[in-house]
1. Evaluate the following for Val156: is it among the β-branched types (Val, Ile, Thr), in a helix (DSSP H, G or I) and modelled with pLDDT of 95 or more?
2. Can you tell which of Leu151, Leu147, Leu174 is touching a Pro at 6+ places or on another chain (Cβ under 6 Å), surrounded by 22 or more Cβ atoms within 10 Å (Cβ to Cβ) and more than 30 Å from Gly35 (Cβ to Cβ)?
3. Since Thr248 meets every condition but one in (1) closer than 25 Å to Pro2 by Cβ; (2) away from the ligand (no atom under 16 Å from the Cβ); (3) modelled with pLDDT of 95 or more; (4) surrounded by fewer than 19 Cβ atoms within 10 Å (Cβ to Cβ), which condition does it not meet?
4. Restricting attention to region 70-85, does a residue exist that is in contact with an Asp or Glu (Cβ under 6 Å, 6 or more places away or on another chain) and within 26 Å of Gly123 (Cβ to Cβ)?
5. Write out, first by first residue and then by second, each pair whose Cβ atoms fall under 7 Å of each other, whose residues are 6+ apart or on separate chains, and whose first residue, in region 231-251, is within 16 Å of Phe177 (Cα to Cα) and among the basic types (Lys, Arg) while the second is modelled with pLDDT of 95 or more and not in a loop (DSSP other than H, G, I, E, B).
6. Look at region 162-216 and say how many of its residues are touching a strand residue (DSSP E or B) at 6+ places or on another chain (Cβ under 8 Å) and of a type in the set (A, V, I, L, M, F, W, C).
7. Here are the criteria: (1) surrounded by fewer than 22 Cβ atoms within 10 Å (Cβ to Cβ); (2) within 19 Å of the chain's Cα centre (by Cα); (3) within 15 Å of the ligand (Cβ to nearest atom); (4) in a helix (DSSP H, G or I). Tell me which single one His229 does not satisfy.
8. So, in region 208-226, of the ones that are more than 16 Å from the ligand (Cβ to nearest atom) and of a type in the set (Val, Ile, Thr), which residue ends up nearest to Gly161 (Cα to Cα)?
Amino acid sequence: MPEGHTIHRLAKDHTAHFVGRSVRLTSPQGRFADGARLLDGRALLRVEPYGKHLFYDFGAERVLHVHLGLYGSFTPGSQPAPEPRGLVRLRLETSETYVDLRGPTACELLDPAGVARVRDRLGPDPLRRDGAATEFARRLLRRSTPLGAALMDQAVVAGVGNVYRAESLFLLRLSPFVPARSIGEQHALAAWALLQRLLRAGVRAGRIVTTDPAHRARRSGPARADDAHYVYRRTGLQCRVCATPVRTEVMAGRNLHWCPGCQSGSDG
Ligand SMILES: [Zn+2]
C-alpha cells in the first residue's frame, strides 16, 4: 500500500498538472460515471493530501476523494492519451496530460460534511503543517494495543504504513509488542520527530530509504533496493546492527518485521 510520502508526491504532481485548469473527467470503467459527469469540465482549485487520502477540490462544495488502498494506482502520461486499458475508474485530463486511476479503495464525490467525516477519522499527518506532535502523543498514549499495531492505526497517525512502522520502531529501538501507552511521552515525541524526518525524506527521494550508508553492504552510491531497510522484508537475514536474525509475524493485518536483539523485550 502506498504510504504517506507517495500520496504527498502524487498531490504535488497533480497540483502541477491539473490545478487552475479545466479538467476533463471520465470513468471509462463506468463505476464513477455519475461523479465524473458532475465534475467534468470544472476548474480544479487544489489538491490536498492527508495521510493516505487525496482530496481534489473542484469548488461549489464538490470534492473528489481518492484512497488508493492496497491495489490502487495512478498512471500518468502525455496527450494524446491512449484508449483506456483495463479497469480505469477515473481519467483526469487536460489538453497536455492525463492520469488514469485504477483499483482504488475509494473514489467518490464528497461535500464538505463528507470531507469532514473522513478527516475526523484521521490522526495528525507528519507531512502536514497542521500535524502536531502533541496530538500524536496524546492519541498514541491512549492506546493499550501493541505499539506496532497503534502505529498502523490511521486515527493515531495518518500516512504511516507497513514499511515506516517497521523501520521507525527499529530506529527507535522500541519493541513493537509493548502496549503503546507504556512508552511514555518522551518516546512518543521522539517517534513523531523520526516519522516526520523519514516521511519527508521519502517525499524527496520518491522511495523509502532508512539505512545509514555505514550499515549497507555497499557503502557508496545510492542505496540499492536490498540495502534500503533495516528490518522490512529482511526476515531471517542478519540484523545490520547486531547480527540477530530479523523476525516477522502478522500484526494489524500486515507482516511486521523486527530485530529481537535491537528492539528489546520483543521476543514475540
Ligand atoms: Zn539488531
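1. Working: among the β-branched types (Val, Ile, Thr): yes; in a helix (DSSP H, G or I): no; modelled with pLDDT of 95 or more: yes.
No: the conditions fail for Val156.
2. Working: Leu151 fails: touching a Pro at 6+ places or on another chain (Cβ under 6 Å); Leu174 fails: touching a Pro at 6+ places or on another chain (Cβ under 6 Å).
Going through Leu151, Leu147, Leu174 in turn, the sole match is Leu147.
3. Among (1) closer than 25 Å to Pro2 by Cβ; (2) away from the ligand (no atom under 16 Å from the Cβ); (3) modelled with pLDDT of 95 or more; (4) surrounded by fewer than 19 Cβ atoms within 10 Å (Cβ to Cβ), the lone unmet condition for Thr248 is (2).
4. Within region 70-85, not a single residue is in contact with an Asp or Glu (Cβ under 6 Å, 6 or more places away or on another chain) and within 26 Å of Gly123 (Cβ to Cβ).
5. So the pair list comes out as Arg247/Trp258.
6. Final tally of qualifying residues: 6.
7. Only one criterion in (1) surrounded by fewer than 22 Cβ atoms within 10 Å (Cβ to Cβ); (2) within 19 Å of the chain's Cα centre (by Cα); (3) within 15 Å of the ligand (Cβ to nearest atom); (4) in a helix (DSSP H, G or I) is unmet by His229, namely (4).
8. Here the answer is Ile208.
The values are calculated or read from the model by the stated rules, or taken from the named source; none is laboratory data. Note that the structure is predicted; figures quoted are calculated from it, not measured. Every residue, glycine as well, gets a Cβ built from its backbone with ideal geometry; the counts of neighbours run over all protein chains shown.
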